[in-house]
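Peer 1: Shown below is the structure under consideration.
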Amino acid sequence: MGKGPVKEGGDTIHHDISGEDILGRTDERFVEYRRRWEENPETLTVGGFPVHLDIETTSVCNLRCPFCKTTYSRTDINNGFMAWETFKKIMDEAGDNGLYACKFNFRGEPLLHKELCRFIKYAKDKGLIDVFFNTNGTLLTHDKARALIESGLDRLTVSFEGFEKELYEKNRVGAKFEDVVKNVEGLRDLKRQLGATTPKVRVQAVLIPELRGRLPEFTAFWKDKVDQVSYNEMLDNVPNTIKPAKSPWLCPFPYQRLMIMWDGTITACYNDHYGKLAVGNVHEVSIKESWQSLMEPLRRLHKEGLSHEAQACAECPMRMNEIKKRGDA
């Protein structure tokens, strides 16, 4: 596969470095999905419904990673787990409107949710073609791995810094190196045993300073355990540390996706950690109305080069990353 930056969410912070292209499917609807994902932000096309939904199964996490916003904000937000009734309401509307994809992440660890596999299966039954989530892998037991395979999950990203115990456990506070490696290998072996091709498994590191210059070792450790090896650039995710700056950067998210928190709150972006861009709740307003009408003021700010006037956008780590790349900051 080609190496280098890959646009995931319209950004270039994600880099695939080894393995197969897990987004390289050639079936017609998947190709259409990826075309809209790329082209909608470029042409400022809104469409009748989001291409993708980020659905927060839970805001709770079992680790305390020093580079993760959730570590610092866990006592400042309203925590909980998404109810089945809330999820069903979301997915029924999504299925009726041809949603392509959903990711079961925002501020927490999805595998903490006891009904996660039920959620996945319902999403697949509603016709979604790309259902996935990120996990720290600590809860990826044999039984959970089998349930994920049987649910129809399309892909799974395991977040893992490096290939050495000390470095990993320093950055994934609360996790055990050997346990998570064993869990990932167990999923690989179970897929082989069952003859399953999905979920495609990616291991993904945040490019912490200690990993710079050591990506060949990272790749060598993981390449036989997963389908794809990748990394994300390290962003400033610590709340209240980003200095807002003016910039005409136009975010792709308002043309691709919406985020729905565990309690049904709809917001514009998975970087909107505190819901400052919230436009309603699925129990009070439809996703379609939120997408077509309630998001328009935010889109207008971005199109006019005034995104910094929205506080959550001014504080966005991805936005600041793009500004630094262009030398605007």
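Peer 1: Starting from residues that are closer than 16 Å to Arg155 by Cα and within 9 Å of the chain's Cα centre (by Cα), keep the ones in segment 103-115 and report whichever is modelled with the lowest pLDDT.
Peer 2: Asn105
Peer 1: Hey, does segment 226-235 have a residue that's in contact with a Lys or Arg (Cβ under 9 Å, 6 or more places away or on another chain), among the aliphatic types (A, V, I, L, M) and surrounded by fewer than 16 Cβ atoms within 10 Å (Cβ to Cβ)?
Peer 2: Checked against the condition, which is being in contact with a Lys or Arg (Cβ under 9 Å, 6 or more places away or on another chain), among the aliphatic types (A, V, I, L, M) and surrounded by fewer than 16 Cβ atoms within 10 Å (Cβ to Cβ), segment 226-235 yields no hits at all.
Peer 1: Now a separate question. Report, ordered by the first and then the second residue, all pairs with beta carbons closer than 6 Å, sequence separation of six or more or different chains, a first member in segment 263-291 that is on the phi < 0 side of the Ramachandran plot, and a second member that is of a type in the set (Asp, Glu).
Peer 2: Tyr270/Asp54; Ile287/Glu93
Peer 1: Determine whether Ala147 is on the phi < 0 side of the Ramachandran plot and open to solvent by less than 10 Å² (accessible area, probe 1.4 Å).
Peer 2: In short, no.
Peer 1: Let me ask something else. Can you tell which of Leu111, Leu99 is more than 25 Å from Val180 (Cβ to Cβ), touching a strand residue (DSSP E or B) at 6+ places or on another chain (Cβ under 7 Å) and free of Cβ contacts under 8 Å to residues at least 60 places away in the same chain?
Peer 2: The conditions single out Leu99.
Peer 1: Here is a further query. When segment 185-225 is examined, which residues are found to be free of Cβ contacts under 8 Å to residues at least 24 places away in the same chain and open to solvent by less than 40 Å² (accessible area, probe 1.4 Å)?
Peer 2: Those that are free of Cβ contacts under 8 Å to residues at least 24 places away in the same chain and open to solvent by less than 40 Å² (accessible area, probe 1.4 Å): none in segment 185-225.
Peer 1: May I pose another question? Please enumerate the residues belonging to segment 150-184 that are of a type in the set (Asp, Glu), open to solvent by less than 60 Å² (accessible area, probe 1.4 Å) and more than 19 Å from the chain's Cα centre (by Cα).
Peer 2: Matches in segment 150-184: Glu169 only.
The values are calculated or read from the model by the stated rules, or taken from the named source; none is laboratory data. For clarity, every value in this text was computed on a predicted model and none was experimentally measured. FYI the Cβ positions are ideal-geometry reconstructions off the backbone, even for glycines, and counts take in every protein chain you see. Ligands, DNA and RNA are stripped out before the accessible areas are found, and what is left, the full protein with its side chains, is counted by its heavy atoms. Shrake-Rupley method; radii C 1.70, N 1.55, O 1.52, S 1.80 Å.
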